[in-house]
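Working notes, structure below.
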Amino acid sequence: MHLRTRSRILRSTSAIRSLVAETHLRAEDFIAPLFIDEGKQVRHEIASMPGYFRNSLDITVKEVKELHAMGLKSVLLFIKCREELKDNTGKEAWNKDGLMQRSIRTIKEAVPEILLMTDVALDPYSSYGHDGIVKNGEIINDETVEALVNMSLSHAEAGADFVAPSDMMDGRIAAIRDSFEKNGFSKTGIMAYSVKYASCFYGPFRDALDSAPGFGDKKTYQMDYANRAEAIKEALQDVEEGADIVMVKPALAYLDIIREVKNAVRVPVSAYNISGEYAMIKAASKMGWLDENKAILETLTAIKRAGADLIATYFAKEALLLLRD
């Protein structure tokens, strides 16, 4: 047998494999989602997300300092709103002294170099657990957009570098961008959850913030997971409306969509390696069915290989440690 092409040569040693690897993970690729609760010295492990915690602000500041020292450049903030502050308007979402606004100011003061992103949606503040205002059993769009504008402005005023609208209401990116321009926040960025599917893999996240919908589901505003072309349309629309970064969420069951979006837009693409994806690896590892560290790196590499420039992941800290080794 006389072969002229021997592909295995480029796989024969660790040094060669490293030299010709097409995809590389870096600390700069990751966005760490952080859950914040009221109180002091509060550290609550999320039952469905083993090893991940909802912390009070004082502990969160220490965590951000540690992550930044490890090379992480960005965090994405979520807060748990107290039950007595929830209603159908979501007005606590733009309270200048609310937990999110206090968290932004405190973290930026403690770690000014961190790129601070903030979740924008009404579900943590809603008595119905939906991302929008409810009327007659329907999630209404335009009044919700007005609320999201108020929320985004309050985050910008507090010092957020980027807002991250995760609600999937029509027209909210244009409305937020217009409000930033009119109110002197032209330097505040928007990372739009442009392609957010109605997924069963969000379950653990909703445990973390107690934000599960009180009735029905979110299929009238989140996308149908059977659809592909719709994702391209939504992403292009958000870019036209002023999004600086577009996101695909979830990640693992949507690697094809990440690639399609990456090919279609000329802005950075982020992907959210979500709570259910995190929980699956943790559960399988606990059962001894796979090697957790190898699964983390393979998963994150797959997401980046698919086209994600940025990856929001609960594995951020673990990945940073693994990449050091």
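Derivation of every value follows stated rules applied to the coordinates shown; laboratory data play no part. Keep in mind it's a predicted model, so treat the numbers as computed, not measured. Please note: Cβ atoms are built from the backbone with ideal geometry, for glycine as well, and neighbour counts cover all protein chains shown.
Below are the figures for this structure:
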| quantity | calculated |
| --- | --- |
| Quarter of the Cα convex hull surface for the chain, i.e. its orientation-mean projected area (nm²) | 19.1 |
| The stretch 224-298: equivalent-ellipsoid semi-axes (sqrt of 5 x gyration tensor eigenvalues, Cα, Å) | 30, 12, 10 |
| Length-normalised contact order of the chain in % [C-alpha pairs under 8 Å, at least 6 apart] | 17 |
| Principal axis box of the stretch 41-193, alpha-carbon based, largest edge first, Å | 46, 37, 25 |
| Globularity index of the stretch 63-118, i.e. its alpha-carbon radius of gyration over 2.2 N^0.38 Å | 1.30 |
| FRET efficiency for ASN88 and ARG305, using Cβ-Cβ distance with R0 set to 35 Å, rounded to 0.05 | 0.25 |
| Efficiency of FRET between CYS200 and ASN150 - r from beta-carbon atoms, R0 51 angstrom, step 0.05 | 0.95 |
| Stokes-Einstein D in µm²/s, Kirkwood radius over Cα pairs - the stretch 132-198 at 25 °C with 0.890 mPa s viscosity | 200 |
| 222 nm mean residue ellipticity, helices alone, for the chain (DSSP H n ≥ 4; -39,500 (n - 2.57); rounded to 500) | -12000 deg cm²/dmol |
| For the stretch 13-61: rounded, prolate or oblate by the Cα gyration tensor [a/c cutoff 1.5] | prolate |
| Segment PHE215-GLU109, length gained on full extension (0.36 nm per residue, minus Cα span) | 34.2 nm |
| Computed E for ASP325/SER12 - FRET, C-beta separation, R0 30 angstrom, nearest 0.05 | 0.85 |
| Computed label-point distance, nm, for sites LYS40 and HIS24 using a 7 Å Cα→Cβ extension | 4.5 |
| Simple spin-label estimate for ASP244 and ASP224 in nanometres, 7 Å along Cα-Cβ | 3.5 |
| Restraint check, LYS80/LYS135; LYS219/LYS317; LYS80/LYS108; LYS108/LYS187; LYS187/LYS317, Cα-Cα greater than 22 Å | LYS80/LYS135; LYS219/LYS317; LYS187/LYS317 |
| Stokes-Einstein D for the stretch 10-104, Kirkwood Rh over Cα pairs, 10 °C, 1.306 mPa s (µm²/s) | 99 |
| Label-point separation, LYS135 to ASP170 (7 Å along Cα→Cβ), nm | 1.5 |
